[in-house]
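Asks: Just dropping this structure here.
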Amino acid sequence: MTVAPLTDLPLWPPTNLDRDPLVPLDAGERRRFAGPVTRVRLPTDATAWLVTRHADVRQMLRHPGFSADLTRPGFPLLRKYEPVQGLLARW
């Protein structure tokens, strides 16, 4: 199996994080994300899988390996994360 170089992967989000989320992607941007599952490059230079079909999203959300815990290794962050020490320990 060959893996595409990181620079060949489409960037997600396609432009930047300040983009208006209600403006749809243009035709060229949509073509880059045409597959139901597409490997993408994040602004942090990490890679992630972009899942776009409803059935695939439902299956992914039910999978035990999927997590919304951003402290788990490999969590696909869009920005660098600096954990705050001790903030929640007081609660």
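Asks: Checking V37 against (1) touching a strand residue (DSSP E or B) at 6+ places or on another chain (Cβ under 8 Å); (2) at pLDDT below 85; (3) not basic (K, R), which test does it fail?
Replies: V37 satisfies all of (1) touching a strand residue (DSSP E or B) at 6+ places or on another chain (Cβ under 8 Å); (2) at pLDDT below 85; (3) not basic (K, R) except (2).
Asks: What about P64, is it loosely packed, with under 13 Cβ neighbours inside 10 Å, modelled with pLDDT of 80 or more, outside any helix (DSSP H, G or I) and more than 16 Å from the chain's Cα centre (by Cα)?
Replies: Working: loosely packed, with under 13 Cβ neighbours inside 10 Å: yes; modelled with pLDDT of 80 or more: yes; outside any helix (DSSP H, G or I): yes; more than 16 Å from the chain's Cα centre (by Cα): yes.
Spelling it out, P64 is indeed loosely packed, with under 13 Cβ neighbours inside 10 Å, modelled with pLDDT of 80 or more, outside any helix (DSSP H, G or I) and more than 16 Å from the chain's Cα centre (by Cα).
Asks: Another question, if that's okay. List the number of the failed condition for D56; all other conditions in (1) exposed (fewer than 13 other Cβ atoms within 10 Å of the Cβ); (2) modelled with pLDDT of 90 or more hold.
Replies: Here D56 clears every test but (1).
Asks: Which one of T47, T38 is surrounded by 13 or more Cβ atoms within 10 Å (Cβ to Cβ), closer than 15 Å to D8 by Cα and touching a residue at least 40 places away in the same chain (Cβ under 8 Å)?
Replies: The match here is T47.
Asks: Let me ask something else about it. Residue check, L78 against (1) farther than 12 Å from L11 by Cβ; (2) part of a loop (DSSP other than H, G, I, E, B); (3) of a type in the set (A, V, I, L, M), all met but one. Which one?
Replies: The one condition L78 does not meet is (1).
Asks: Restricting to segment 4-19, give me the number of residues that are exposed (fewer than 10 other Cβ atoms within 10 Å of the Cβ) and either basic (K, R) or modelled with pLDDT of 75 or more (or both).
Replies: Matching residues across segment 4-19 total 1.
The values are calculated or read from the model by the stated rules, or taken from the named source; none is laboratory data. A quick note: this is a predicted structure, and the numbers were derived from the prediction, not measured. Cβ: placed from backbone, ideal geometry, glycine included. Neighbour counts: every protein chain shown.
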